[in-house]
Amino acid sequence: MNPAPFRMLYAPHFGMFRHHAGDDAVDQLKFAADEGFRAWEDNGMMGRSVEEQSRIAKAMTDLGMAMGVFVAHAEWGKPIYALGGKETMDQLRGVARSAVEVAKRVNAKWMTVVPGPYDLRLDWDYQTANVVDCLKAMAEVFEPHGLVMVLEPLNPYRDHPGMFLSKIPQAFQICKAVGSPACKILDDLYHQQITEGNLIPNIDKAYSEIAYFQCGDNPGRNEPTTGEVNYRRVFGHIAAKGFKGIIGMEHGNSKPGKEGERALIEAYRWCDAF
């Protein structure tokens, strides 16, 4: 008898259960579904072949699993969003059009966007205005298809120094300025615990603009119950707000092998009993 489905749509990723399921993507999906997971995410989906994207999508449909985020665009090196300009906006429209094709193929609704580093020579408010303009250009592509780019604030202290977007209030302001249903927030609770803490109050204040969550405990960026975040309480709060979307499991396993994979599943079972 298979375990009952999780109450929330927690989304593992490829590699998380490889010791139980092997290296094949579809086998990993089947294992996760058998364990009660009803969603999946894959940051690298755009880099997969069309054939593999289609194979994954078919398997997820057959298993009744929802597709979470893939990365539509993450700029790590140059402050192209912060500097803006017509050439950049045209480039980003092209990226968005490519992401639309992948989203249609894999039945995705949400796509991660990381709007790059900040510029050391330009006033912050000008950079903010440029980022908003760039995101408006991308939103114009996504919106007619009912797709949503989700902006991910990243912590500057441990993993991603120098990125323009780092806080939930900042992301909230930008989404309000873009003013499109195609531009919302990805609240990665791991990053925000490091950057600003105050997880539940920030969820409440920014909730109208949050479309997607990811999680990972801190310190360590592993499964819930291995760090300082009370994820049982946080997940319960999110559920009580009526959230029906996906919570991506963007973290590692605290223990190796099958034992670690089983410990991860048990941790989510415990936190899901909020």
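Pairs are defined by a Cβ separation below 6 Å, a sequence spacing of at least 6 or placement on different chains, a first member in segment 33-56 that is without any contact (Cβ under 8 Å) to a residue 40 or more places away in the chain, and a second member that is surrounded by fewer than 21 Cβ atoms within 10 Å (Cβ to Cβ) and part of a helix (DSSP H, G or I); the pairs so defined are ALA33/LEU63. Residues in segment 91-122 that are assigned to a helix (DSSP H, G or I) and of a type in the set (A, V, I, L, M) were compared, and the one that is farthest from VAL26 (Cα to Cα) is LEU92. A single member of THR88, THR61 is assigned by TED's automatic domain parsing to the domain that holds GLN127 and either under 30 Å from TYR126 (Cα atoms) or outside any strand (DSSP E or B) (or both), and it is THR88.
Filtered by the rule that a residue be closer than 28 Å to ASP125 by Cβ and within 18 Å of the chain's Cα centre (by Cα), segment 64-85 gives VAL71, ALA72, HIS73, ALA74, GLU75, TRP76. Taken over segment 164-210, the residue count meeting the criterion of being under 17 Å from GLU143 (Cβ atoms) and of a type in the set (D, E, K, R) is 3.
Taking segment 13-35 as the range and being farther than 15 Å from ALA59 by Cα, crowded, with 17+ Cβ neighbours inside 10 Å and within 20 Å of the chain's Cα centre (by Cα) as the test, the residues that pass are MET16, PHE17.
On the given criteria, is TRP40 closer than 21 Å to ALA211 by Cα and either surrounded by 14 or more Cβ atoms within 10 Å (Cβ to Cβ) or under 18 Å from the mean Cα position of the chain (by Cα) (or both)? Judged against the criteria, TRP40 is a match. Evaluate segment 38-60: report whether one residue or more is under 29 Å from GLU266 (Cα atoms), of a type outside the set (A, V, I, L, M, F, W, C) and touching a Pro at 6+ places or on another chain (Cβ under 9 Å). Yes: segment 38-60 contains one or more residues that are under 29 Å from GLU266 (Cα atoms), of a type outside the set (A, V, I, L, M, F, W, C) and touching a Pro at 6+ places or on another chain (Cβ under 9 Å).
The values are calculated or read from the model by the stated rules, or taken from the named source; none is laboratory data. This structure is a prediction, so every number in the text was calculated from the model and none was measured. Neighbour counts are summed over all protein chains in view; Cβ atoms, including those assigned to glycine, are modelled from backbone coordinates with ideal geometry.
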